[in-house]
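> Sharing a structure, written as structure tokens. Questions coming.
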Amino acid sequence: MARGNPLIERLGRRLACHQALHDPRREPRNQLRWLPVLRSWQTKRLETSFEHFLYDPQRRAAALFFLTDVYGDRDFSKRDANVAKVLPMMQRLLPAAVLGTVADGIELGALTHALDLRMADELQRIAPNRKRLDAELYGKAYREVGHRRLRGHQIDLISGVGIGLARAVKTPGVAMLLRLSRGPAKASGLAELQGFLERGFDAFAALGDGKAFVADIEKSERVVAKRLFEADPDPFR
């Protein structure tokens, strides 16, 4: 790991945590039958929550980016494993302003997976014979797992990724640097990460006000979390 760059060091720590959490030999809860059910259900819930964004032509691309690249049911292990191999090189290939967004994205992935593992474990405990997940059972497991502070930090990181991309779009020269880094990124094993950044940059470039879009998502998710902890009978309305 490169020394002297706090962002690179943070990336290294978050990647190590991410890889440990996804390793079934070190974390047997990855084999729980509830885990894929939970992740699929949460993706469908987010699609419903994002429906009004998806029908807005200006916000649709950014909403899809959040659903597929930031907070969706997608395996990011290949992307993150490749990043781990080339951390020092990232300082030369990527703009400094973008590295913080990458770090937030990887930390979000690790935290989300850690919470999902706990949710799957709790679902196995309280509903060992159930086959399907619904809002009532989800809410019960959510409250049993708890971790209000971590749930709040999860939303902070979602916002951080979005705000980072919104700022990158406004930063002179970032678009050109991303285009110029495409070839070296592919040769260095960073193609997955490069794709993530380019999709996010393009999606946010189409937004009139990226920060307002992120603020809407953040507000909505904080309301949902509050309702879940308060046992609201219809938390996702």
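The values are calculated or read from the model by the stated rules, or taken from the named source; none is laboratory data. As the structure is a computational prediction, the values presented were derived from the model and not from experiment. Note: ideal-geometry Cβ built from the backbone for every residue, glycine included; neighbour counts use all protein chains shown. Keep in mind that these areas ignore ligands, DNA and RNA; they rest on the heavy atoms of the full protein, side chains included. Shrake-Rupley method; radii C 1.70, N 1.55, O 1.52, S 1.80 Å.
> Given a Förster distance of 25 angstrom, what is the FRET efficiency for residue 9 paired with residue 68, based on the Cβ-Cβ distance and rounded to 0.05?
The formula returns an efficiency of 0.30 here.
> In nm, what is the difference between 0.36 nm times the number of residues separating residue 126 and residue 232 and their Cα-Cα distance?
36.2 nm
> Need one word for the chain: rounded, prolate or oblate. Basis is the Cα gyration tensor (sqrt eigenvalues a ≥ b ≥ c); a/c below 1.5 gives rounded, then a/b vs b/c decides.
Taking the square roots of the gyration eigenvalues as a ≥ b ≥ c, the chain is oblate.
> Considering only protein heavy atoms and a probe of 1.4 Å, how much of the accessible area of the chain is carbon and sulfur, as a whole percent?
Carbon-and-sulfur percentage of accessible area, whole number: 52.
> Here is a further query. Apply 1/(1 + (r/R0)^6) to the Cβ-Cβ distance of residue 144 and residue 170, taking R0 = 41 Å, and write down the FRET efficiency to the nearest 0.05.
Given R0 = 41 Å and the Cβ-Cβ separation, E is 0.45.
> Quick check for the chain: number of Lys pairs with alpha-carbon distance under 20 Å, counting only pairs 8 or more apart or on different chains?
10
> While we're looking at this one, here's another question. Which order do the peptides 120-130, 22-32 come out in when sorted by mean C-beta neighbours inside 10 angstrom, highest first?
Going by the mean number of other Cβ atoms within 10 Å, highest first, we get 120-130, 22-32.
> On to the next question. Please determine, in degrees from 0 to 90 and to the nearest 10, the orientation of helix 191-205 with respect to the longest principal axis defined by the Cα atoms of the chain, where the helix direction is its Cα long axis.
The answer is roughly 90 degrees.
> How many angstrom separate the Cα center of region 136-154 from the Cα center of region 204-237?
Their Cα centres are 16 Å away from one another.
> On to the next question. Probe 1.4 Å, all protein chains in place: accessible area of residue 101 in Å², nearest 10?
10
> Going by alpha carbons, how many degrees (0 to 90, nearest 10) lie between the helix axis of 96-126 and the longest principal axis of the chain?
20
> I've got another one for you. Give me the angle, in degrees from 0 to 90, between the Cα long axis of helix 210-229 and the longest principal axis of the Cα atoms of the chain, rounded to the nearest 10.
It works out to around 20 degrees.
> Also: Work out how much length residue 47 to residue 215 would gain on full extension: take 0.36 nm times their residue separation and subtract the Cα-Cα distance, in nm to one decimal.
Taking residue 47 through residue 215 to full extension adds about 58.7 nm, to one decimal.
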